[in-house]
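The values are calculated or read from the model by the stated rules, or taken from the named source; none is laboratory data. As the structure is a prediction and not an experimental result, all values here were calculated from the model. Don't worry about glycine lacking a Cβ; one is built from the backbone with ideal geometry, like all the others, and counts go over all protein chains shown. What goes into the accessible areas is simple: the full protein's heavy atoms, side chains included, and nothing from ligands, DNA or RNA. Shrake-Rupley method; radii C 1.70, N 1.55, O 1.52, S 1.80 Å.
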Amino acid sequence: MYSIGGLHERGAPTGSSISSGEALIQPTPQPTAVVGPDFQWPLAKGPYLWGVLNLTEDSFYGPSRVTGVDEAVARAQKMEAEGAVAIDLGAESSRPGAQPVQLENEWKRVAPILRALVHVLRIPVSVDTYKAEIARRAAQEGARIINSIGSIRWDLGMADVLIELDLPLVLMHALDRPSKMQNDPRYRYVGRQ
């Protein structure tokens with residue numbers, strides 16, 4: 001069993017090296033679990049429910065918005081009690097037409113709530129960001145998962161940060177950034193986009 005990007009997989013030879021040519025003819029290992037620094041979710045037992053707290057005034061879903069630490073803690077504890085396996089914090093709206101948030105403004109929204117939640121919850125906290133520096137800071141403050149709408153395409157430093165920190169990554173998909181995502185969206189080859 002070996003780990004790549006938070007997914008545990010079976011079938012890799014232990015202690016051996018596989019050249020790229022050999023890897024092409026090897027059967028693809030099937031993931032068996034999502035594994036983080038202090039949690040494991042067997043895929044066969046899913047699906048898993050996450051709680052979402054949006055730290056923006058313009059997010060998609062009004063009831064997910066929180067405006068302060070006390071409200072965020074109360075809502076996250078309620079979600080945990082109701083069975084959520086993780087709480088995801090988003091400080092930049094991904095709704096169509098949303099304008100980008102500067103890095104320091106995003107961090108000012110995330111940091112106090114993240115710091116509070118990691119001390120009161122028994123479940124992992126995820127941070128929804130496409131910015132590598134936010135991911136790094138969040139991990140240093142206790143985030144255990146990064147959720148990136150940019151799928152590491154919008155900040156190429158994200159891949160290095162995630163490898164360095166060895167955190168699971170939730171890859172989201174969007175044709176473009178929220179401010180432009182609805183400007184004539186077209187899919188020609190869904191699997192490539």
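Some notes on this structure:
- Looking only at residues of the stretch 31-79 that are touching a strand residue (DSSP E or B) at 6+ places or on another chain (Cβ under 7 Å) and in a helix (DSSP H, G or I), we find that the one that is farthest from residue 101 (Cα to Cα) is 43.
- Any hit, the stretch 89-101, residues being touching a Leu at 6+ places or on another chain (Cβ under 6 Å), of a type in the set (Val, Ile, Thr) and at pLDDT below 95: no
Okay, residues lined up against (1) assigned to a loop (DSSP other than H, G, I, E, B); (2) touching a helix residue (DSSP H, G or I) at 6+ places or on another chain (Cβ under 7 Å); (3) free of Cβ contacts under 8 Å to residues at least 24 places away in the same chain:
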| site | (1), (2), (3) |
| --- | --- |
| 136 | no, yes, no |
| 151 | yes, no, yes |
| 155 | yes, yes, no |
| 159 | no, no, yes |
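- Scope the stretch 118-134; condition among the charged types (D, E, K, R), within 18 Å of residue 54 (Cα to Cα) and assigned to a loop (DSSP other than H, G, I, E, B); matching residues: 131
- Flag if residue 109 is touching a residue at least 40 places away in the same chain (Cβ under 8 Å), open to solvent by 20 Å² or more (accessible area, probe 1.4 Å), out of contact with any His (no Cβ under 6 Å at 6 or more places or on another chain) and assigned to a loop (DSSP other than H, G, I, E, B): no
- Residues of the stretch 121-142 that are open to solvent by less than 30 Å² (accessible area, probe 1.4 Å) and out of contact with any strand residue (DSSP E or B) (no Cβ under 6 Å at 6 or more places or on another chain): 121, 129, 131, 132, 134, 139, 142.
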